[in-house]
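*Asks:* One structure follows; several queries about it will come next.
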Amino acid sequence: MEFNTQLLYGHDQALLALMIFVIMLGMGSSLTVDDFRAVARKPRGVLIGFISQFGLMPFLAFTLATILKMPPAFAIALILIGCLPGGTTSNMFAYFSRGSVALSISMTTASTVMALLMMPIILKLYTGGFTSQITASMQDSGSGAEFVIPTGNIISSLVLVLIPVALGMILRRKSPVWAKTAEDTAGFVAILVILYLLLTAFIRHGGLFVRTPVEVYIGAIGIGLAGFFFGYWFSRLLGVFPLFQRAISLETGIQNGPVSFAIILLSFQEPFQSQMLWMAILYSTFIVMTSSIITLYFRKHGRFDWEIYRNTIIHNRLFGEKYVTEYPGGFLPGRLLRDPSQGHSPSQRR
Amino acid sequence: MKQTIQSENLALLFRAAAEKYGELPAFATRQKASEWKPVSYRELYQQGLNLATGLIELGVEAREHVGLFGDNRFEWILSDYAVQLCGAADVPRGRDVTDVELVYIINHAGIRLAFVETRELQDRLLGLRSQLPELREIILLDPKVEPGEGVRKLLDICDFGSMLRERGDRRAEDRIAGIQPDDLFTLIYTSGTTGTPKGVMLTHANMVSQVRNIPGSYNCTDRVLSVLPIWHIFERVMEMYTISFGGCTYYSGIQTLGEDMKNVEPTFMASAPRLWEKLHERIMRNIKASHPVRQVLFHIAYFLSRQYKGSEYFITNKNLKVNPQPMWKRILLMPFHLLRWAVVLPWYGFFNAAVLERIRLGAGGSLKATISGGGALPLHIDKFFNNVGIPVLEGYGMTETSPVISVRSMDNLVVGTVGPPLPETKVQIRNSDTREVIYPNAGLPDNGKGIRGEIWVRGPQVMKGYYKEPALTRLSFHDGWLRTGDLGIITHNDCLKILGRCKATIVLSSGENVEPEPIEMRLLESQYIEQCMVVGQDRKFLGTLIVPVFAEFQQAGFPVHSPEDLAINPAVQKIIREEIKRVISQAEGFKSFEQIRDFRILKESFQVGEELTNLHKVKRHIVYEKFDHIIADLYASDSAKPLKNPCNGI
């Protein structure tokens, strides 16, 4: 397939970098140091989430890329997306899907830090076949170069995006009001980024949408859906409470898109850069839609157990920690008979 | 498992609730912000039986009228339980009852035993004793106060009843078995616009039908926040309804409402329109004070929500339809609305989540629905809450109909109406002079929909009559229909829309009839106007009394230090004048005789118990009396400068 369009020029890249900065600052503004401590206090859910995010998701990406016989640069991008840490959008979706926001925040926090270690390992593990395909084609065309995953660059770009996160956390400490504004702005900017990228792609290279192979679309949409599906069933089979199932499902499927933009821009060269970026843009676009739909489904589906959970929390808040809510016999279905209560994340308490 | 309890009378409802919901909390009272005291269904029923037995021992007969004077507290609901469980009926009134009313009510209802909440009420009643020949027993509710001479403590009677029951006393059970559907459960004296209070007789069958017919799906995880006066029929129906689905009622108050909403996270609540107006004011003020980025985000979110909901209501046929809508028009507009709905959806989704949810969190964040009743809800408040995603279901009723006649439901959410009549309830629209049936009338276009008239109602919730007032009762009924005295229409999607009181109608000296309420509602939409009343009976033109929003002017930097300063500040006068001109214009659909020519700013706001009823309805005759001199001043000079209307020349 012919895909030699350069997507972004110098000033676009600068703008994109600025937007990534704003988004990551917003993400940091929503976190506190206590969120990191909360991970240590409740390790079970986070551990299951960790396996789901860094075990399940990259494997799904690899499988999808292989089955669909994707062009190698797109395949590498898909695997890169598969091993990204979670973003703050997933926390919002977790909230609306009546999932555990506390767990979602903990998973985001843990995965953002763990990505530094896990991403290079996972990429090395799964991308071998695809990089050698690229190397082979490059040698055919006589350039004689070898394509390798720039591990060092990836780590340094990850470190780089963590700087605004840290700044955001400092901001939250210094001025909660400004931190909240930063958080809101970030959510809005995230949408603008995707729109901006789509629009520039459309205006400058209208044919791009047509020239993009169909398997790339399937991969971009499918990776998110597969993450939701397997994340949900994986945690459900492990006997996690419904509240956590929904959080883990969304956290697995929703990845931190802006981080992938940063990595691709800073670590890969043309023509692969544009191809990979295009994959990341498509993923970011479709994930907003698919996760909205999944959230609506979860919200409806989880209404009953959420109401019971909320009522328990409020009874304990108002009537004392020792108060036990006794529902009439037969009211609670079997799966909820065990106490569904859980600790609060510090960020949830505002 | 079936979600709600249906029973033949309230005593059986209490018993079934105790059996079914057992240890779940039925009522909770606030001790501190985050410390509430619950009482379970089983406990409440048990205590109710104990107190009932004590009352029977004190000589309370079946079907006797028992006085119950006080405001929201746990002991009130316990007393109500006990009165029902011994087959009697209560005669409730709040702490604000006047001495004259107390004497009238106690003697008229033949009350022999009365509960009083506070020491103050107790002392007043003791002082009036010489005028109350039949009153034998007074029981004090407040456990922290030592009772006066000859007054009993509630707890003592409970303890005594408990002892009797331990010895096998089962007289309460016999009383429960003897309750007939037609027996009164309460006798509520309404203040009445003129003259003496009227005793509205409401039966077990009345209340039970309400519990059965009010729409909604709630279950025993629901939390209901209560702010209305406990003895008001609107609050009482909420309590009984809540008991039927096993929810817990949390007693809040106006002072602590904001805090309680956050702590209790109510899923359901009922209130008078005034509360929603206050809440709206507070939300708007917070938004104005917030960061400019947040303000912009809010306005975008609200705009998108309006577009989205507008199309949603159109597609699902829930838009307000006062006039008939031809099919071709609907078909023509449908593609536009479908397109707009689909285009706005993802954006609305995001902003709803990121921005509007924050506002909903201010009301706890868990509200499934809220009911507004006891007065007309201004349309802009109605729209605002529905657009930010707090469905306000406006209802319509009166004490005489225990009280709900119709209410909007989630499936029938037509903003601007009070929903369709309840099941089993029939509503007619009649010409108030000729009594001709307007709706349903096959002889009129669309069966008479969309034509205004007086609302007549017939159904299981309609009262038995006014106690000892057969003449008055006969006047209120006609062929078995209760005349409500309210004006309304049936919309083209079968909802009821209220247009005002027949009696509030102002007849100008020119002979034109004016409904002041729609004009007042428009005036109240102004951010500067807190309260108002349109006057002009038998005058050449309409005028209005205005209570401005003090905080608004203060915030805008006017040199005002107290609400009195507003009345004499010319700049304030100018702003109000312009506001009136703006909202009551021909462009806004007001006829020339409906326009406000002059106004007066009042130095103090209308108060509950004075110019306002407990549900914040303006008592027009009181205002006319109290501000007689101001109204006279308003019409003193014929040269009262008419408000120039920019549209008049067109």
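*Asks:* Can you name every residue in the range B:339-396 that is under 30 Å from residue B:517 (Cβ atoms) and among the basic types (Lys, Arg)?
*Replies:* B:360, B:368, B:383
*Asks:* Could you list all residues from the range B:242-262 that are farther than 22 Å from residue A:327 by Cβ, within 14 Å of chain A (Cβ to nearest Cβ) and among the polar types (S, T, N, Q)?
*Replies:* B:252, B:256
*Asks:* Of all residues being aliphatic (A, V, I, L, M) and touching a residue at least 60 places away in the same chain (Cβ under 8 Å) in the range B:300-346, which is nearest to residue B:415 (Cα to Cα)? Just the residue, please.
*Replies:* It comes out as B:320.
*Asks:* Within the range A:178-209, which residues are among the basic types (Lys, Arg) and within 14 Å of chain B (Cβ to nearest Cβ)?
*Replies:* A:180
*Asks:* What residue, of A:110, A:75, A:145, is under 14 Å from the mean Cα position of the chain (by Cα) and either in contact (Cβ under 8 Å) with a residue 40 or more places away in the chain or not in a helix (DSSP H, G or I) (or both)?
*Replies:* None of the others qualify; the one that does is A:110.
*Asks:* In addition: Return the total of residues in the range A:253-293 being within 14 Å of chain B (Cβ to nearest Cβ) and buried (at least 24 other Cβ atoms within 10 Å of the Cβ).
*Replies:* So the count comes out to 4.
*Asks:* Does any residue of the range A:183-195 turn out to be under 20 Å from residue A:24 (Cβ atoms), at pLDDT 80 or above, in a helix (DSSP H, G or I) and not aliphatic (A, V, I, L, M)?
*Replies:* Scanning the range A:183-195 turns up at least one residue that is under 20 Å from residue A:24 (Cβ atoms), at pLDDT 80 or above, in a helix (DSSP H, G or I) and not aliphatic (A, V, I, L, M).
*Asks:* Can you pull out the residues in the range B:338-376 that are touching a Pro at 6+ places or on another chain (Cβ under 9 Å) and more than 13 Å from chain A (Cβ to nearest Cβ)?
*Replies:* Residues satisfying the conditions are B:363, B:369, B:370, B:372, B:373, B:374, B:375, B:376.
*Asks:* Looking at (1) among the hydroxyl-bearing types (Ser, Thr, Tyr); (2) more than 14 Å from every other protein chain (Cβ to nearest Cβ); (3) crowded, with 20+ Cβ neighbours inside 10 Å, which is the one condition that is false for residue B:7?
*Replies:* Against the list (1) among the hydroxyl-bearing types (Ser, Thr, Tyr); (2) more than 14 Å from every other protein chain (Cβ to nearest Cβ); (3) crowded, with 20+ Cβ neighbours inside 10 Å, residue B:7 comes up short only on (3).
*Asks:* Hey, any hits in the range B:75-93 for a residue that's touching a residue at least 24 places away in the same chain (Cβ under 8 Å) and within 14 Å of chain A (Cβ to nearest Cβ)?
*Replies:* No, there is no match, as no residue in the range B:75-93 is touching a residue at least 24 places away in the same chain (Cβ under 8 Å) and within 14 Å of chain A (Cβ to nearest Cβ).
*Asks:* Still on this structure: Given (1) within 14 Å of another protein chain (Cβ to nearest Cβ); (2) more than 21 Å from the chain's Cα centre (by Cα), where does residue A:152 come up short, assuming only one miss?
*Replies:* (1)
*Asks:* If you go through the range B:125-135 one residue at a time, do you hit one that is surrounded by 15 or more Cβ atoms within 10 Å (Cβ to Cβ), more than 23 Å from residue B:108 (Cβ to Cβ) and free of Cβ contacts under 8 Å to residues at least 60 places away in the same chain?
*Replies:* no
*Asks:* Moving on. Does residue B:12 satisfy being in a helix (DSSP H, G or I), among the aliphatic types (A, V, I, L, M) and either in contact with a strand residue (DSSP E or B) (Cβ under 9 Å, 6 or more places away or on another chain) or in contact (Cβ under 8 Å) with a residue 24 or more places away in the chain (or both)?
*Replies:* For residue B:12, the condition - in a helix (DSSP H, G or I), among the aliphatic types (A, V, I, L, M) and either in contact with a strand residue (DSSP E or B) (Cβ under 9 Å, 6 or more places away or on another chain) or in contact (Cβ under 8 Å) with a residue 24 or more places away in the chain (or both) - is met.
*Asks:* Further question on the same structure: Do we have any residue at all in the range B:144-158 that's at pLDDT below 95 and basic (Lys, Arg)?
*Replies:* Yes, that holds for at least one residue.
*Asks:* Then there's this: Is it the case that some residue within the range B:50-58 is surrounded by 23 or more Cβ atoms within 10 Å (Cβ to Cβ), in contact with a Pro (Cβ under 9 Å, 6 or more places away or on another chain) and more than 25 Å from residue B:101 (Cα to Cα)?
*Replies:* No, the range B:50-58 contains no residue that is surrounded by 23 or more Cβ atoms within 10 Å (Cβ to Cβ), in contact with a Pro (Cβ under 9 Å, 6 or more places away or on another chain) and more than 25 Å from residue B:101 (Cα to Cα).
*Asks:* Go through the range A:21-72 and report how many residues are among the basic types (Lys, Arg) and in a helix (DSSP H, G or I).
*Replies:* Residues that pass the stated criteria total 3.
*Asks:* Could you run through the range A:155-177 and say how many residues are in contact with a Ser or Thr (Cβ under 8 Å, 6 or more places away or on another chain) and either of a type in the set (A, V, I, L, M) or within 12 Å of chain B (Cβ to nearest Cβ) (or both)?
*Replies:* The qualifying residues number 4.
*Asks:* Sticking with this one: Counting just the residues of the range B:242-283 that are assigned to a loop (DSSP other than H, G, I, E, B) and touching a Cys at 6+ places or on another chain (Cβ under 9 Å), which one comes out nearest to residue B:221 (Cα to Cα)?
*Replies:* Here the answer is B:247.
*Asks:* Continuing with the same structure: Is at least one residue of the range B:31-42 farther than 21 Å from residue A:326 by Cβ, in a loop (DSSP other than H, G, I, E, B) and within 14 Å of chain A (Cβ to nearest Cβ)?
*Replies:* Yes, the conditions are met somewhere in the range B:31-42.
*Asks:* Name every residue in the range B:219-241 that is outside any loop (DSSP other than H, G, I, E, B), within 14 Å of chain A (Cβ to nearest Cβ) and of a type outside the set (A, V, I, L, M), in order of residue number.
*Replies:* Within the range B:219-241, just B:223 meets the criteria.
*Asks:* Residues that are within 24 Å of residue B:420 (Cβ to Cβ) and either under 21 Å from the mean Cα position of the chain (by Cα) or of a type in the set (Phe, Trp, Tyr) (or both), at least 2 per element: which helices (runs of 4 or more DSSP H) completely within the range B:455-555 meet that?
*Replies:* Per the criteria, B:516-524.
*Asks:* Next question. Does residue B:336 qualify as being touching a strand residue (DSSP E or B) at 6+ places or on another chain (Cβ under 6 Å), modelled with pLDDT of 90 or more and of a type in the set (Phe, Trp, Tyr)?
*Replies:* No: the conditions fail for residue B:336.
*Asks:* Now a separate question. Taking residue A:334 as the residue in question, decide whether it is at pLDDT below 85, facing chain B (nearest Cβ under 9 Å) and more than 29 Å from the chain's Cα centre (by Cα).
*Replies:* So residue A:334 does not fit the description; no.
*Asks:* Follow-up question, since we're still on this one. Output yes when any residue across the range A:210-225 is away from chain B (no Cβ under 14 Å), under 18 Å from residue A:88 (Cβ atoms) and of a type outside the set (Phe, Trp, Tyr), and no when none is.
*Replies:* yes
*Asks:* I'm told residue B:23 meets every condition in (1) under 26 Å from residue B:615 (Cα atoms); (2) within 14 Å of chain A (Cβ to nearest Cβ); (3) surrounded by fewer than 19 Cβ atoms within 10 Å (Cβ to Cβ) except one. Can you identify the failing condition by its number?
*Replies:* Just one mismatch for residue B:23, condition (1).
*Asks:* Another question, if that's okay. Filter the range A:79-95 for residues that are β-branched (Val, Ile, Thr) and within 23 Å of residue A:216 (Cβ to Cβ); which is modelled with the lowest pLDDT?
*Replies:* A:89
*Asks:* Please verify whether residue A:323 is within 14 Å of chain B (Cβ to nearest Cβ), buried (at least 20 other Cβ atoms within 10 Å of the Cβ) and either of a type in the set (Phe, Trp, Tyr) or part of a helix (DSSP H, G or I) (or both), treating the condition exactly as stated.
*Replies:* no
*Asks:* Of everything in the range B:263-278, what is touching a Ser or Thr at 6+ places or on another chain (Cβ under 9 Å) and either charged (D, E, K, R) or more than 14 Å from chain A (Cβ to nearest Cβ) (or both)? Give them in sequence order.
*Replies:* B:265, B:269, B:270, B:271, B:272, B:273, B:275, B:276
*Asks:* Looking only at the range A:294-320, count every residue that is of a type in the set (Asp, Glu) and either more than 7 Å from chain B (Cβ to nearest Cβ) or under 22 Å from residue A:227 (Cβ atoms) (or both) and tell me the total.
*Replies:* Qualifying residue count for the region: 1.
The values are calculated or read from the model by the stated rules, or taken from the named source; none is laboratory data. Computed from a prediction, not measured in an experiment: that's the story for all the values here. As a convention, Cβ positions derive from the backbone with ideal geometry for all residues, glycine included, and neighbour counts pool all protein chains shown.
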